[in-house]
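The values are calculated or read from the model by the stated rules, or taken from the named source; none is laboratory data. Keep in mind that what you see is a predicted model, and the values were worked out from it rather than measured. Virtual Cβ from ideal backbone geometry, glycine too; neighbours counted across all protein chains shown. These area figures cover heavy atoms from the full protein model, side chains too; ligands, DNA and RNA do not enter into them. Shrake-Rupley method; radii C 1.70, N 1.55, O 1.52, S 1.80 Å.
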Amino acid sequence: MTSTEPTEPSGPSPQGDRLRPAWLVGWLVVAAVLVVALVVAWIGGAGLERLGLLAAGAAAAASVALHHLVVTQDAGERTVAREPAPRDLPDLLGRRQLVGGGMAAVLLGLLALVGLRRLAPPPPTSAWADGVALVTLDGEAVRPDDVPLGGVVTVWPERAAGSERSAVMLVRLREVAEEPTRLDGVVDHTLVAYSRLCTHAGCAVALYRDHDQALFCPCHQATFDARRGARPTAGPASLPLPQLPLRVEDGALVAAGDLTAAPGPVGGRA
Amino acid sequence: MPPSPIAALTDALDRRVGRRADPPSVWPTDFWSLVGHTAVVAFLVLTATGIALALVYRPSTAPMVYQGSSELYDGQTLPTAFASIVYISEDVPGGQLLRRLHVAASHVFLLAIVAHLLRTLATGAFRRPRLLIHTTGVGLLLVALGFSYTGELLPFGLVAGSSLRIAEAVMYALPFAGQELGALLFAGELPSDRFLLLSWATHVFVLPLAFVGLLLVHLVLVHRRRPALAERRDVDVEVTAVGRPLWPDAVARFALLTAALTALLLVSAVLVPWSDAELEGPFRTAEATNSVHPPWPLFFLTGGLRIVPGIDLVIGGVRITNVLVAGVVIPGLLVAGVALYPLLERWLRRDDAAHHRLDHPLDVPLRAGTVAGLTTLTIVLSLAAGIDVLAFWLRVPVEAIVVTFRVLALVLPVAAATAAVAASRRRGRHGPGTTTSTSPPADSHPHGGSS
């Protein structure tokens with residue numbers, strides 16, 4: 001059947017569904033009363049359950065009223081002959097405009113790239129250097145004894161306590177550190193320090209698994225061997241965590257130099 | 001006497017898109033079109049609750065002492081944003097309800113958009129003349145994902161720092177200008193207001209404007225192009241469009257859907273603690289806890305970041321990291337696949353004709369295979385976001401689960417696509433009523449041939 005004249009294939013609702021004004025008005029009144037009750041309860045500081053159920057009741061009463069309206073007042077479906085469909089894809093391929101447009105886009109992209117490189121702020125400089133004291137978040141100096149066996153303490157450079165990129169964790173290993181750890185930066189052969197930012201995607205490597213002395217990132221499960229230079233042993237990281245060489249000065253821990261690499265994720269530049 | 005403004009408005013509506021419109025106004029009101037309408041209803045709920053929440057929320061990371069009725073946080077120093085979330089939940093009457101309603105509606109919002117998109121792809125509703133409707137639909141999905149990411153940052157909970165650093169790492173991984181772009185957007189260290197203001201402005205101004213603009217184009221085109229319809233006995237849907245007048249029939253149905261869905265969302269908000277940022281705790285520098293997960297619509301991104309192996313390829317000064325592959329290449333291919341598949345089908349099947357009848361999902365082998373493959377890949381990547389939870393449940397080392405998922409991500413999508421193509425071919429040989437849809441109509445012309 002290919003009728004192009006407007007018809008009503010399904011027709012309006014059965015004759016039994018007549019509009020009952022009293023029913024419609026009744027449910028609208030219920031909804032209105034519940035809205036008033038909601039406002040009163042809200043002013044009275046009612047709890048979540050009461051407010052939620054009053055609002056849900058109002059919405060449900062409105063649904064009943066609207067459903068009655070939809071069922072009884074339905075005019076049925078209409079048909080209309082379809083018009084010829086427009087082409088929704090311009091004929092660009094193979095034309096000069098496409099080549100010109102492509103070249104303009106490349107040129108604009110290059111310009112944006114150059115502009116971006118000029119605009120971007122320089123990379124942040126490290127707050128770690130030889131002789132910088134290690135402090136806790138409260139600014140207190142850290143001694144080797146403050147890190148218990150199998151324990152981890154998060155520390156910062158003394159002038160940048162709490163700054164995210166400089167965060168370093170001290171790990172007291174159960175066994176002696178081995179290569180490729182920078183062994184001259186290890187205190188007591190077992191106290192090592194690594195950047196807390198994961199080399200994969202920059203999350204805090206916040207978990208330490210004591211039984212295999214592994215540092216573990218909760219974001220993507222990158223795992224690092226704390227005993228062997230924090231080289232990645234499982235998961236998605238490809239580079240070891242930068243190490244902070246340590247030494248002891250007047251009984252307190254200080255850095256013996258900068259981190260062995262920039263902290264945080266490796267970028268797209270080789 | 002002039003008619004009242006309301007009477008004049010309803011009269012104008014009736015003549016343009018209503019019962020007296022000529023040609024008749026037809027708007028789809030079948031079950032599947034309700035799914036798309038549901039996304040719009042959820043957006044309305046999100047807008048209403050979002051405006052109310054924005055009146056109290058404060059986008060600042062500055063520390064402040066919270067004093068209020070939350071026993072857990074009373075007297076504690078918290079970031080202002082987190083403190084304002086606690087304040088909304090515990091001290092503003094109905095605030096907790098608003099937050100839960102907002103989060104519950106966001107789940108419905110994304111579920112409805114994804115279901116609507118899958119149905120569009122599977123039934124071929126994207127074909128001429130509905131290509132632009134499909135393209136704007138993919139744009140709406142991307143905006144919804146943006147809502148999801150920025151919305152999760154706003155409470156400034158414990159893992160907000162990790163979320164930001166991951167986004168920065170993905171940006172850093174872009175070759176040539178990634179570092180500069182990342183430095184421009186993410187410069188400075190946490191806690192800093194800059195990121196929070198950026199997320200807040202994006203979530204509250206940029207994305208809603210983009211969504212409303214795209215939605216208007218989407219809906220106007222749906223109305224102008226007439227609905228694509230499933231096959232029916234009484235009407236040949238290729239030459240005749242069937243539907244209800246937009247005014248008042250479809251509008252009344254939309255109002256009914258809004259009221260009913262709002263009631264359901266409210267009941268769910270009473271029963272389910274949807275918004276648990278207060279349970280997670282506030283942001284603390286360089287801290288995180290076990291089981292760090294983004295909102296579920298972004299699981300496919302984090303799943304990829306978890307299972308793509310850590311092998312870097314260095315080619316001529318450009319380092320291709322697994323962060324680039326999992327954070328840019330794979331999602332880029334998924335989105336491009338969904339957005340550009342209509343063009344691929346047109347080109348490969350040399351079918352540039354207009355189609356108004358929705359196909360069975362297995363009618364076209366190419367389409368069945370593509371939809372099955374892309375869907376399976378997205379599901380496997382999304383499940384991979386839970387490898388830590390799976391390792392805990394199954395009591396298996398997480399490393400073994402990572403390897404399993406690496407294999408699954410390569411094997412399952414190919415297997416699903418192959419199975420779908422085979423089922424589609426079998427249906428083409430033996431199945432019902434597929435002869436007309438598998439061979440292109442006679443009046444079709446090859447794509448781009450007329451220049």
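A compact table of results
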{"read-out": "FRET efficiency, residue B:333 to residue A:138 (Cβ-Cβ, R0 56 Å, nearest 0.05)", "value": "0.70"}
{"read-out": "Backbone HN-Hα couplings from phi across segment B:110-127 [Karplus 6.51/-1.76/1.60, Hz, Gly and Pro as x]", "value": "6, 4, 5, 5, 5, 5, 4, 5, 4, 5, 4, 5, 5, 9, x, 6, 8, 6"}
{"read-out": "Buried accessible area, chains B and A (both chains, 1.4 Å probe, Å² to nearest 100)", "value": "7500"}
{"read-out": "Cβ-derived FRET efficiency at R0 41 Å, residue B:279 paired with residue A:20, nearest 0.05", "value": "0.25"}
{"read-out": "Value of relative contact order over chain B, rounded to a whole percent, pairs C-alpha under 8 Å and six or more apart", "value": "20"}
{"read-out": "Distance (nanometres) between label positions extended 7 Å along Cα→Cβ at residue A:158 and residue A:104", "value": "6.1"}
{"read-out": "Separation between Cα centres of segment B:332-380 and segment B:104-139, rounded to whole Å", "value": "13"}
{"read-out": "Rounded to the nearest 10 Å², the accessible area of residue B:57 at probe 1.4 Å", "value": "20"}
{"read-out": "Accessible area in square angstrom per residue, segment B:15-138, 1.4 angstrom probe", "value": "41"}
{"read-out": "Cα centroid separation - segment A:159-202 against segment B:230-265, whole Å", "value": "63"}
{"read-out": "Built amide H within the under 5 Å cut-off of residue B:236, gap 5+", "value": "A:3"}
{"read-out": "Amide H within-cut-off set for residue B:281, under 5 Å, with H built and near neighbours excluded", "value": "B:158"}
{"read-out": "Carbon + sulfur, % of accessible area of the protein assembly as shown - ligands and nucleic acids excluded, 1.4 Å", "value": "66"}
{"read-out": "Contact order relative to length of segment A:134-255, as percent, for alpha carbon pairs under 8 angstrom and 6 or more apart", "value": "23"}
{"read-out": "Relative contact order %, chain A, counting alpha carbon pairs below 8 Å whose residues are six or more apart", "value": "14"}
{"read-out": "In order through segment A:75-81: 3J(HN,Hα) via Karplus (6.51 cos²θ - 1.76 cosθ + 1.60), integer Hz, x for Gly, Pro", "value": "8, x, 7, 10, 10, 8, 5"}
{"read-out": "In order through segment B:255-264: 3J(HN,Hα) via Karplus (6.51 cos²θ - 1.76 cosθ + 1.60), integer Hz, x for Gly, Pro", "value": "5, 4, 4, 4, 5, 5, 5, 4, 4, 5"}
{"read-out": "For segment A:134-255: accessible area per residue (Å², 1.4 Å)", "value": "37"}
{"read-out": "Placed amide H near residue B:64: partners under 5 Å, 5+ positions off or other chain", "value": "B:78, B:80"}
{"read-out": "Efficiency of FRET between residue B:394 and residue B:54 - r from beta-carbon atoms, R0 41 angstrom, step 0.05", "value": "0.45"}
{"read-out": "Between 0 and 90°, nearest 10: helix B:131-153 axis offset from chain B longest Cα axis", "value": "10"}
{"read-out": "In Å², nearest 10: area of residue B:231 left accessible to a 1.4 Å probe", "value": "130"}
{"read-out": "Trypsin sites (Lys or Arg not before Pro) restricted to DSSP loop in segment B:1-91 with at most 14 other C-beta within 10 Å", "value": "B:20"}
{"read-out": "Mean ellipticity per residue at 222 nm, deg cm²/dmol - from DSSP H runs of n ≥ 4 across chain B, formula -39500 (n - 2.57)", "value": "-19500 deg cm²/dmol"}
{"read-out": "1.4 Å probe accessible area per residue over segment B:342-425, in Å²", "value": "48"}
{"read-out": "Distance from segment B:17-79 to segment A:228-256 (C-alpha centre basis), Å", "value": "46"}
